[in-house]
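Only one structure is covered here, and it is reproduced in the block below.
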Amino acid sequence: MPQSLSFLCQISAILLRYPDDVLMQEGKALEAAVMQSGLDDAVKDVLCSLCQSITQCPLLDAQSQYVQLFDMSPSLSLYLFQHVHGDSRLRGQAMVDLLEEYRGAGLDMQGNELPDFLPAYLEYASLCPAEKTQALLTEVVDILSVLEERLRSRTSAYASVFTALRAVSGRVPDEEIVEAHLRDTAVMDDPSLLDARYEEKPVTFDHASGQAGCQTGCGSGRRSADQSAGHATPANEMTGGEP
């Protein structure tokens, strides 16, 4: 079981990343690895099915589908702390703490990737001792369940990864937390609200409003810095709470 749990985290991290040429070329090898693993037969079947659905369509189509799901739909964001802290400064500190955990395990982040990116979190979990791996999944099970339900409502094959991870997490998701998040799905993905979120504030130059304008600009800068510096926290912050 410990090896199977580690493997599930590893294969899930691969399948949840942006599709590229390597994934397309290694699809058959991934399926073979899944079938030879110690995972339950039902889990093997759904993971192989997802692998096929990704790798058997043209690369550009697979990439487009991924972007539409995980990049263009905030409710399906793969950044864990986005579902816990939103855009607050707490997310930045949480990511700093999580990054330190990664470094302690010898895992370095690549490029502009943030520590609360789920594939990175799963890769980290796959490298940990079995008890720690289990604990990491337990801490995020509410978010996994929310994403599973949202993907299932879109009949997306990606839902199978979250079903498998939730099943081995060792904890039943908190129904109240999950339902609270699900109620906000439509609001999170409302295009008009997304536009307003990124809309620039008008710049004013009159003396009376100068100080206020500076405060607004500086505040926005600090918030952006928190997000981009961002890297997440240990798992006890990932159980959810109000979305």
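Every number in this text was worked out from the coordinates using simple rules, so none of it is lab data. In this text the structure is predicted, and so the values were computed from the model without any measurement. Please note: Cβ atoms are built from the backbone with ideal geometry, for glycine as well, and neighbour counts cover all protein chains shown.
Convex hull volume per residue, computed on the Cα atoms of the range 17-86, equals 103 Å³. Taking other C-beta atoms within 10 angstrom as a stand-in for reagent exposure, 109, 188, 72 fall in the order 72, 109, 188, fewest first. Highest average first, the peptides 146-155, 51-60 ordered by how many other beta carbon atoms sit within 10 Å of their residues are 146-155, 51-60. Remark: the range 9-146 projects, on average over all directions, an area of 8.9 nm² (convex hull of Cα atoms).
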